[in-house]
Each structure stands twice: as C-alpha cells, then as structure tokens.
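The values are calculated or read from the model by the stated rules, or taken from the named source; none is laboratory data. Bear in mind that the values here come from a model prediction, so they are computed numbers and not experimental data. Here Cβ is always computed from backbone atoms with ideal geometry, including for glycine, and neighbour counts include all displayed protein chains. Surface areas here come from the heavy atoms of the whole protein model, side chains and all, with no ligands, DNA or RNA. Shrake-Rupley method; radii C 1.70, N 1.55, O 1.52, S 1.80 Å.
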Amino acid sequence: MIASESDGVMAYGLELLKLTMPCKTIEINQQPYLNRYFVSQDAKGTQEWLHEFVSADSELHLHSHPWKAVSIVLTGGYCEERLDEHGIKKTRFYNVGAVNVIDVRTTHRITKVFPCTWTLMRVEAERLPSWDFIDALGKQTSVPGSSADWWKTAATLSGEQPLIFYPLQAGEADSNIVATTISHYIEVPPCYT
C-alpha cells in the first residue's frame, strides 16, 4: 500500500539501505514473517530497528514482547488484533505515520500486512527473558528471547561489512569512522571525510 510517490521513494531507499545492515529473519512455522535490521544502539542500550514485514502472523496465536517499544510505520501498513485491559480483542489499522506503543503487557498479533510495509522500532534496553504465546484456548507458552546483542553476529543481505552507527559519548566526534563506512557504499564528498 504505497499511497504516494514519496512512499515509493522511501521504500526504494529502505531497499538499498537494508543491504548494509545486520539482519535477522524472524520465521513463523518455517516461513519468513519479518526481517529485522539493526539501525543503532545508544549508550543506555536502547536500540533502533527497521522491520520489513514479509507476511502477517501465520498463526492464530497472540503474543507478547519481552521489551517496551515504540514503532512508527514508514511505508505500507498493517492490521493488528490486540487484547485490551479487559481481555477483549480489538482490531486496529496502522498506516504511514501511525505510532504503535508496545510494552511487556501488550498481547497482540498482526492479522494483515500491506505490500512494502516497513516500520522503525525503538526498543528499550530492559528485557524479559522470554516471549509469551497464547492459543485460542488461552494456553500460554513461553519461548526464550534472543540476546540484545544479536546484531553483532548477524550478516547483511549483501554479505558486506555492516553499516553501523555507534553512539558517541559526550565530547566525542569521530566522523571518520562513519564517513569511512558510508563511503564504502556511496561516494561521499571530500568535505565530509
């Protein structure tokens, strides 16, 4: 669901950028669900990820997340089924620019994904050890979560060295690290190197 030319430009830029980022493919029932790309981590451990949705949740199970996060839809859109505080299922639609706040109490599933759906997710450093999945009968199953450092050993789709923006401490300014890495992929004017 690319609604405008600017959405198409954004999607194209994300397609190029994803080749340079550490990637982890999340699967459900041995089928790709989403590609998670590592963007950055600040000094407190808060991370930013790009999510490229490949499909909706292929199962009927609701799930929780082991962290607090805020997600914004960059392109496309999706429908979410979420339990409210009374245990009643509510359906929401998130389109470009929509913000979804997720915490450890959020129980949801993605029921529909529009083509070319990308989100940017900011994930707090504190994490629980597992995800919880709840079936239609209310049976809960816990599944171990992955390490917060998953991105350090993840490959890029291009097989090239990842483009990672490390947090700078107060007073630091080493633009050569960033410029050298970026210049491997694009031509950087001399004034930036």
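Which number in (1) touching a residue at least 24 places away in the same chain (Cβ under 8 Å); (2) touching a Ser or Thr at 6+ places or on another chain (Cβ under 8 Å) marks the one condition that residue 109 misses?
Of the numbered conditions (1) touching a residue at least 24 places away in the same chain (Cβ under 8 Å); (2) touching a Ser or Thr at 6+ places or on another chain (Cβ under 8 Å), the odd one out for residue 109 is (2).
Which condition number does residue 40 fail, the rest of (1) under 19 Å from residue 145 (Cβ atoms); (2) open to solvent by less than 50 Å² (accessible area, probe 1.4 Å); (3) in contact (Cβ under 8 Å) with a residue 40 or more places away in the chain being met?
(1)
Scan the stretch 100-129 for residues that are open to solvent by less than 30 Å² (accessible area, probe 1.4 Å) and out of contact with any helix residue (DSSP H, G or I) (no Cβ under 9 Å at 6 or more places or on another chain) and jot them down.
Taking the stretch 100-129 and keeping what is open to solvent by less than 30 Å² (accessible area, probe 1.4 Å), we get 100, 102, 106-108, 110, 117-119, 121, 123.
If the condition is that a residue be open to solvent by less than 30 Å² (accessible area, probe 1.4 Å) and out of contact with any helix residue (DSSP H, G or I) (no Cβ under 9 Å at 6 or more places or on another chain), then 100, 102, 106, 107, 108, 110, 117, 119, 121, 123 are the ones that fit.
Suppose the filter is more than 19 Å from the chain's Cα centre (by Cα) and within 17 Å of residue 56 (Cα to Cα); does residue 110 pass it?
Working: more than 19 Å from the chain's Cα centre (by Cα): no; within 17 Å of residue 56 (Cα to Cα): yes.
Judged against the criteria, residue 110 is not a match.
What are the pairs with Cβ atoms under 6 angstrom where one residue, in the stretch 48-72, is open to solvent by 20 Å² or more (accessible area, probe 1.4 Å) and the other, located anywhere, is in a loop (DSSP other than H, G, I, E, B) and modelled with pLDDT under 85? Sequence gap at least six, or different chains.
Partner pairs satisfying both residue conditions: 58/29; 60/136; 61/135.
Need the failing condition index for residue 88 against (1) surrounded by 11 or more Cβ atoms within 10 Å (Cβ to Cβ); (2) modelled with pLDDT under 95, just the number.
Against the list (1) surrounded by 11 or more Cβ atoms within 10 Å (Cβ to Cβ); (2) modelled with pLDDT under 95, residue 88 comes up short only on (1).
If a residue must be assigned to a strand (DSSP E or B) and surrounded by 10 or more Cβ atoms within 10 Å (Cβ to Cβ), how many such residues does the stretch 131-159 contain?
If we filter the stretch 131-159 for residues that are assigned to a strand (DSSP E or B), which is where we start, we get 131-134, 140-144.
From what's left, surrounded by 10 or more Cβ atoms within 10 Å (Cβ to Cβ): 131-134, 140-143.
Summing the residues that are assigned to a strand (DSSP E or B) and surrounded by 10 or more Cβ atoms within 10 Å (Cβ to Cβ) in the stretch 131-159 gives 8.
Would you be able to tell me the number of residues in the stretch 9-24 that are in contact (Cβ under 8 Å) with a residue 12 or more places away in the chain and open to solvent by 30 Å² or more (accessible area, probe 1.4 Å)?
4
Restricting to the stretch 2-16, and then to whatever is under 21 Å from residue 36 (Cβ atoms) and of a type in the set (Gly, Ala, Ser), can you tell me which residue is modelled with the highest pLDDT?
Checking each candidate, the answer is 13.
If we keep just the residues of the stretch 73-85 that are within 23 Å of residue 38 (Cβ to Cβ) and among the aliphatic types (A, V, I, L, M), which is surrounded by the fewest Cβ atoms within 10 Å (Cβ to Cβ)?
The first filter runs over the stretch 73-85 and keeps only residues within 23 Å of residue 38 (Cβ to Cβ), leaving 73-76, 78.
Retained after the next criterion (residues that are among the aliphatic types (A, V, I, L, M)): 73-74.
Values: 73: 22, 74: 20.
Per the criteria, the residue is 74.
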